[in-house]
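The values are calculated or read from the model by the stated rules, or taken from the named source; none is laboratory data. Only a predicted model underlies this, so the values are computations on that prediction, with no experimental measurement involved. All Cβ positions, even for glycine, are placed from backbone atoms using ideal geometry, and neighbour counts span all protein chains on display. What goes into the accessible areas is simple: the full protein's heavy atoms, side chains included, and nothing from ligands, DNA or RNA. Shrake-Rupley method; radii C 1.70, N 1.55, O 1.52, S 1.80 Å.
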Amino acid sequence: VNASASQYTTGKNKHLPRIYEWVDQRSAGAVLPYCSELESVAAAAATPEEKQDTLLKFGLKRAATETLLRLCFDAFGFVFFFTVSPMETKCWTLKSGQSAAQAAGRVLPAFAAGLSSVEVFSVYDLKECGSLRKVQERGK
């Protein structure tokens with residue numbers, strides 16, 4: 001549901017209660033309030049920090065597009081994982097409930113047969129610690 005900036009940031013949109021009711025009655029999924037104007041301003045930010053500052057200025061924790069992506073992943077039963085090396089970080093998708101070996105097979109099919117161990121940690125732990133080495137040192 002696209003709303004004006006003032007309706008979006010205050011949560012006061014006269015149509016939303018009826019839309020929520022309609023969706024609830026039909027078990028039709030989620031309702032995602034959205035403001036294309038604010039999303040456009042945030043998307044135009046030069047850095048992730050500037051984007052976050054822009055969102056916070058409007059009282060938002062995250063962009064609606066990020067919430068939409070999460071809702072879509074959940075609806076289709078997908079999860080994502082990252083592979084990290086000194087050269088690159090990549091995001092991969094797989095069906096929820098698949099094993100680590102199956103996840104490794106997404107990266108390189110030969111891994112699935114010979115996978116002996118993996119290191120699993122939260123991206124939030126990586127962000128908090130600042131490096132893979134510090135995540136390992138702290139046992140996260």
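Descriptive notes on the structure:
- Surface exposure of the range 77-138, expressed per residue as accessible area with a 1.4 Å probe, stands at 77 Å².
- Taking every alpha-carbon pair under 8 Å whose residues sit at least 6 apart, the chain reaches a relative contact order of 12 percent.
- Ligands, DNA and RNA left out, the accessible area of the chain computed with a 1.4 Å probe is 56% carbon and sulfur.
- Candidate values (1) 1.36; (2) 1.10; (3) 1.26 were compared with Cα Rg over 2.2 N^0.38 Å computed on the shown model; the agreeing label is (1).
- Summing charges over all other residues whose Cβ lies under 14 Å from the Cβ of Gly59, with Lys and Arg as +1 and Asp and Glu as -1, gives +3.
- In order along the range 43-49, the phi-based Karplus estimate (6.51 cos²θ - 1.76 cosθ + 1.60, θ = phi - 60°) of 3J(HN,Hα) comes to 5, 7, 4, 6, 9, x, 5 Hz; Gly and Pro are listed as x.
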